[in-house]
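Undergrad: This is the structure, below, for whatever I ask next.
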Amino acid sequence: MTDCDLLIVHAEELATPAGRGPRRGAAQDELLVLRDAALAVQRGRIAAVGPTAEIEAAWRARVRHDARGSFVVPGFVDAHTHPAFVATREREYDLRLRGVGYEEITRRGGGIFRSVDDLRAAPDDVLAACLRGHLRGFLAAGTTTVECKSGYGLTWRDERRSLELLAREAAALPLRVVPTFLGAHQMPREFRERRADYVRELAKEMLPEVKRLGLARYCDVFCDVGAFTVEEARAVLQAARDLGLGLRIHAEELGPSGGARLAAELGAASADHLIHADDAAIDAMGAAGVTPVLLPGTVFALAKSAPPARKMIARGLPVALATDFNPGTSYLQSPLLLLSLACAVLRLTIAEALTAATANAAASLGLADECGALLPGLSADAVLIRGTSHQLLGYRLAEGPIERVLCRGQLLDPRAFGPFASAA
Ligand code: NIG
Ligand code: FE
């Protein structure tokens, strides 16, 4: 008998990617599925996974949680979110439903500009409280690792406090937060007539400070119609790469931006959205090892056509998923609804979607050896969901309920986290 901190026993089913990410092609559809399953946790890591009888014969724990009535999957990894905002934008959604386009709303000074005005005007305590509510919302929804972007400040002061307050709020929770600098989210109004100056400021002033202060692991650019051009994005991302930051890019969302090819050229970790990515861009990304991060919540809420997910899987790219949680185009935190949308909108199988939102998302964040699967040695991150089969995930539209969230070995009751996403 070996001692451990926690045993989760008698789960109706345990389902996990059968290996660490990135998982491509047929492997993306392969899960390890056990019935009447157990999980042993020691010092925040998974010590063992197996049938309850076997695990209980080998491990003895201080705390034993009976998971009858639930199935267990890895803690969800959300590889693309924008939680550093202080106000919702539901009126814009209503305007869009009345036929006003997203780009038109931006031209009228709404969109990202609206959220930038709100954030710049908000004192630190308001921004911190919003970040706290959003981070708790992720955890309560079953997400245990989340990539979080700045990008509604667009001044050094406001980008910096977005990332500093994010780090402070993240440190108070078990949630694993991966910070990304998105100072290139939109061209600030005050630079409209001198775009090159803002690009220079990003590359020469802000990014070196981001690096020096350890505020972000990745740099992202919104490379699209109405945002940054390929040339501008290249200048910012090259500077980030030279500083040793990883690269991510918003590409091919609103139009064929050329961002996917740029991601391949620069060896970015991910290219995200990809609604307009063509075959050549997909192959270039595949050859360069760029992970496609697909955001079906945004596709759904903007009523766009779906990115070519099946083609990406067929061509051997390890497709990942994310919510794109933001106040403009995807007010979504739930990984359960994300999976349902991935199946219904992108036509992924349930197993492919689960892999995309766990092992492949983790791999896109450089965390394949840390999380994303229920395998010995990885972080003890799991979600216990009421039901008997992981296949309920795609089928039962957005419905949980989430019974428990295991995050870095801490077993949490999501009801203790209050309402999801409590933006002011
Ligand atoms: O990923 N595309 C850029 N950023 C967000 C939208 C941000 C906003 O509208 O506030 C996105 O869709
Ligand atoms: Fe985004």
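The values are calculated or read from the model by the stated rules, or taken from the named source; none is laboratory data. Model, not experiment: these values are computed from the prediction. With ideal geometry, Cβ positions are generated from the backbone for all residues, glycine too; neighbour counts draw on all protein chains shown.
Undergrad: May I ask you to list pairs of residues, at least six apart or on different chains, whose Cβ atoms are under 6 Å apart, with the first in region 174-198 being within 24 Å of GLY75 (Cα to Cα) and the second being among the polar types (S, T, N, Q) and not in a loop (DSSP other than H, G, I, E, B)?
TA: Matching pairs, first to second residue: PRO174/GLN410; ARG176/THR145.
Undergrad: Does GLY377 count as over 19 Å from VAL77 (Cα atoms), more than 16 Å from ligand 2 (Cβ to nearest atom), touching a residue at least 24 places away in the same chain (Cβ under 8 Å) and touching a strand residue (DSSP E or B) at 6+ places or on another chain (Cβ under 7 Å)?
TA: no
Undergrad: Against the definition (within 30 Å of ILE313 (Cβ to Cβ) and touching a Pro at 6+ places or on another chain (Cβ under 7 Å)), how does ARG24 come out, yes or no?
TA: yes
Undergrad: Please enumerate the residues belonging to region 185-215 that are under 18 Å from LEU166 (Cα atoms) and in contact with a Gly (Cβ under 9 Å, 6 or more places away or on another chain).
TA: HIS185, MET206, LEU207, VAL210, LYS211
Undergrad: Report yes if PRO208 is over 27 Å from HIS273 (Cβ atoms) and in contact with a Lys or Arg (Cβ under 6 Å, 6 or more places away or on another chain), otherwise no.
TA: no
Undergrad: Checking the structure you have, find out if any residue of region 275-287 is touching a residue at least 40 places away in the same chain (Cβ under 8 Å) and either within 16 Å of ligand 2 (Cβ to nearest atom) or over 30 Å from LEU175 (Cα atoms) (or both).
TA: Checked against the condition, which is being touching a residue at least 40 places away in the same chain (Cβ under 8 Å) and either within 16 Å of ligand 2 (Cβ to nearest atom) or over 30 Å from LEU175 (Cα atoms) (or both), region 275-287 yields no hits at all.
Undergrad: Next up: One residue is enough: does region 48-59 have a residue meeting the conditions touching a Gly at 6+ places or on another chain (Cβ under 7 Å) and either in contact (Cβ under 8 Å) with a residue 60 or more places away in the chain or basic (Lys, Arg) (or both)?
TA: no
Undergrad: Pick from region 292-312 the residues that are within 16 Å of ligand 1 (Cβ to nearest atom) and of a type outside the set (A, V, I, L, M): which of them is farthest from ARG98 (Cα to Cα)?
TA: Per the stated criteria, the residue is PRO292.
Undergrad: Looking at region 300-310, is at least one residue hydrophobic (A, V, I, L, M, F, W, C), in contact with a Phe, Trp or Tyr (Cβ under 8 Å, 6 or more places away or on another chain) and within 16 Å of ligand 2 (Cβ to nearest atom)?
TA: Yes, because at least one residue in region 300-310 is hydrophobic (A, V, I, L, M, F, W, C), in contact with a Phe, Trp or Tyr (Cβ under 8 Å, 6 or more places away or on another chain) and within 16 Å of ligand 2 (Cβ to nearest atom).
Undergrad: Next up: Taking the criterion of being within 14 Å of ligand 2 (Cβ to nearest atom), among the small types (Gly, Ala, Ser) and on the phi < 0 side of the Ramachandran plot, would at least one residue in region 335-355 satisfy it?
TA: There is no residue in region 335-355 that is within 14 Å of ligand 2 (Cβ to nearest atom), among the small types (Gly, Ala, Ser) and on the phi < 0 side of the Ramachandran plot.
Undergrad: May I ask you to list the residues in region 253-274 that are within 15 Å of ligand 2 (Cβ to nearest atom) and of a type outside the set (Gly, Ala, Ser)?
TA: Answer for region 253-274, where residues must be within 15 Å of ligand 2 (Cβ to nearest atom) and of a type outside the set (Gly, Ala, Ser): GLU253, LEU254, ASP272, HIS273, LEU274.
Undergrad: Can you go through ILE275, ILE282 and tell me which one is within 11 Å of ligand 1 (Cβ to nearest atom) and either small (Gly, Ala, Ser) or modelled with pLDDT of 95 or more (or both)?
TA: ILE275
Undergrad: Quick one: which helices (runs of 4 or more DSSP H) lie wholly within region 147-248 and hold at least 3 residues that are within 21 Å of LEU119 (Cβ to Cβ) and either within 16 Å of ligand 2 (Cβ to nearest atom) or not assigned by TED's automatic domain parsing to the domain that holds LEU266 (or both)?
TA: 156-171
Undergrad: Could you list all residues from region 60-107 that are among the β-branched types (Val, Ile, Thr) and either crowded, with 18+ Cβ neighbours inside 10 Å or touching a His at 6+ places or on another chain (Cβ under 8 Å) (or both)?
TA: VAL72, VAL73, VAL77, THR81, VAL86, ILE105, THR106
Undergrad: Could you go through region 311-319 and let me know if any residue there is of a type in the set (Val, Ile, Thr), over 22 Å from SER150 (Cα atoms) and in contact with a Leu (Cβ under 7 Å, 6 or more places away or on another chain).
TA: Yes; the residues of region 311-319 include at least one that is of a type in the set (Val, Ile, Thr), over 22 Å from SER150 (Cα atoms) and in contact with a Leu (Cβ under 7 Å, 6 or more places away or on another chain).
Undergrad: Let me ask you something else. Restricting to region 313-341, what's the tally of residues that are among the aliphatic types (A, V, I, L, M) and either within 16 Å of ligand 1 (Cβ to nearest atom) or touching an Asp or Glu at 6+ places or on another chain (Cβ under 8 Å) (or both)?
TA: Adding up the residues that qualify gives 9.
Undergrad: Just to verify a result, which residue in region 286-304, among those that are in a loop (DSSP other than H, G, I, E, B) and under 11 Å from ASP272 (Cα atoms), is nearest to the chain's Cα centre (by Cα)?
TA: LEU295
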